[in-house]
Amino acid sequence: MLIMGPPGCGKGTQAERLSRRLGITVVSTGEVFRDHVKNLTPLGQEVIVHLDAGDLVPDTLTNRVVRDRLNQNDVRVGFLLDGYPRNTSQLAELDFILAINGHALDVAVQLTVDDAELVRRMLHRATMTGRSDDTEDVIRHRLELYHQETEPVASAYSQRGILLSVDGMGSEDEIFGRLLAALRASFPRP
Ligand code: AMP
């Protein structure tokens, strides 16, 4: 499965909680890139400008990272992708990666939050974590990119009938409860 939503919607937090509850590994492209930046790897040095500007990392790099990660053994039984795909060409790449491994996506969860609340949350997060891409200009740019590039991905999953939209307003616990309820309704246990 995957989780998507605008920057600041809380998808990272909810992905971690879902991972613990459901026992599936999270693959977060944002986390992978931040780790590379922190560890000063060659990839980190290539991607840092994009992260700091709030731009998408070029597809060639991002797709390679995801392809390599999804070929590892620990995700054979399933995974929760956080932050990928973010545009329609990444979506096509994910279809390809899954198809060659004989897998298919069960569900794409989308968290929805209005823009004013997102900006408020991210400015708050900036004071807590000091993420270099949580300044107001960069935040607005990342939101714009989400609307332009990533919403078409949600539409595509909606057309395939696998999009589960969940209201991302409210407390972390409320949102997690809604997520679980929506997943249970879509995948009832026998
Ligand atoms: P996130 O933690 O998901 O908000 O991602 C943080 C940053 O990492 C983004 O603003 C992008 O610069 C980069 N990034 C993460 N995922 C992707 C992706 N799928 N495609 C391109 N860039 C990405």
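The values are calculated or read from the model by the stated rules, or taken from the named source; none is laboratory data. Nothing here was measured: the structure is a model prediction, and the numbers come from that model. Reconstructed Cβ throughout: ideal geometry from the backbone, glycine too, with neighbour counts over all protein chains shown. Quick note on the areas: whole protein, heavy atoms, side chains included, nothing else; ligands and nucleic acids left out. Shrake-Rupley method; radii C 1.70, N 1.55, O 1.52, S 1.80 Å.
Numbers at a glance
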read-out	value
Label-point gap, in nm, between ILE24 and ASN39 - each point 7 angstrom along Cα→Cβ	2.5
Accessible area expressed per residue, the chain, with surrounding protein chains retained (probe 1.4 Å, Å²)	52
Compactness of the chain - radius of gyration and Dmax, Cα, Å	16.0, 49
Size of charge dipole - the range 57-186 - debye, nearest 20, with Cβ of Lys, Arg +1 and Asp, Glu -1, no other charges	380
GNM flexibility winner over the chain from SER171, SER89, SER132 (Cα, springs under 10 Å)	SER171
5 Å binning of all Cα-Cα separations within the range 90-190, expressed as whole percents from 0 upward	2, 10, 16, 18, 19, 17, 12, 6, 1, 0
Computed FRET value (nearest 0.05) for ASP52 with HIS124, which takes r as the C-beta separation and R₀ as 25 Å	0.80
Fully extended contour minus Cα-Cα distance, from ALA116 to LEU180, at 0.36 nm per residue	20.5 nm
Efficiency of FRET between HIS141 and PHE96 - r from beta-carbon atoms, R0 30 angstrom, step 0.05	0.55
Carbon plus sulfur fraction of accessible area for the range 33-110, probe 1.4 Å, in percent	53
